[in-house]
1. Checking Glu63 against (1) touching a residue at least 24 places away in the same chain (Cβ under 8 Å); (2) more than 12 Å from Val99 (Cβ to Cβ); (3) of a type in the set (Asp, Glu): exactly one of these is not met. Which one?
2. I need the full set of residues from region 58-67 which are among the charged types (D, E, K, R) and either part of a strand (DSSP E or B) or open to solvent by less than 50 Å² (accessible area, probe 1.4 Å) (or both), in order please.
3. Please go through region 18-57 and give me each residue that is open to solvent by less than 30 Å² (accessible area, probe 1.4 Å), part of a strand (DSSP E or B) and modelled with pLDDT under 95, ordered by number.
4. One residue is enough: does region 92-114 have a residue meeting the conditions out of contact with any Asp or Glu (no Cβ under 8 Å at 6 or more places or on another chain), without any contact (Cβ under 8 Å) to a residue 40 or more places away in the chain and not acidic (Asp, Glu)?
5. Would you check if Gln7 is outside any strand (DSSP E or B) and modelled with pLDDT under 95?
6. If you take the residues of region 69-94 that are loosely packed, with under 15 Cβ neighbours inside 10 Å and among the β-branched types (Val, Ile, Thr), which of them is nearest to Asp129 (Cα to Cα)?
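The values are calculated or read from the model by the stated rules, or taken from the named source; none is laboratory data. Quick caveat, the model's predicted, so the values are computed rather than measured. Here the Cβ positions follow ideal geometry from the backbone for every residue, glycine too, while neighbour counts run over all protein chains shown. For the accessible areas, the whole protein counts, side chains as well, though only heavy atoms, and no ligand, DNA or RNA atoms are used. Shrake-Rupley method; radii C 1.70, N 1.55, O 1.52, S 1.80 Å.
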Amino acid sequence: MGSYTKQNLTEVENQAPNFGISDELEARFARTPLEGQELGLSLFRLAPNFRIPFGHKHADQEEVYVVTKGSARIKIEDEIIELDQWDAIRIDKDTMRDVEAGPEGVEYLAFGAGDDPNEVEMAQSWWTD
């Protein structure tokens, strides 16, 4: 029989307050609760029109974001892409990105794969108008 781990994502601790980010963002990183070896899964919720205050990229992992509720814009390098409910977007390794919620807010899942869950480069105030 195979092994598995079940976790309700809304019960994973919201890490945004631990990084000093306002209550306009929820960030629930489920890799450890799910006992993921290489697979990461996170739930994000952003208040209406809220933009994450930093861009980020991973040198050794690609990610897929799936919008489950609301809408958003995502800036990937120099391009801005509109996302609606059930849109999925794959972001390649070593590619800077940032997300901004639409007028009704956004909820999305982020899937990633890599050996080191802490391997990330962040750039404060990366997306400026």
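1. Going through the list (1) touching a residue at least 24 places away in the same chain (Cβ under 8 Å); (2) more than 12 Å from Val99 (Cβ to Cβ); (3) of a type in the set (Asp, Glu), Glu63 breaks only (2).
2. So in region 58-67, the residues among the charged types (D, E, K, R) come out as 60, 62-63.
Glu63, the sole residue that qualifies.
3. Matches in region 18-57: Gly40, Gly55.
4. Checking region 92-114: not a single residue is out of contact with any Asp or Glu (no Cβ under 8 Å at 6 or more places or on another chain), without any contact (Cβ under 8 Å) to a residue 40 or more places away in the chain and not acidic (Asp, Glu).
5. Values: outside any strand (DSSP E or B): yes; modelled with pLDDT under 95: no.
For Gln7, the condition - outside any strand (DSSP E or B) and modelled with pLDDT under 95 - is not met.
6. Here the answer is Ile80.
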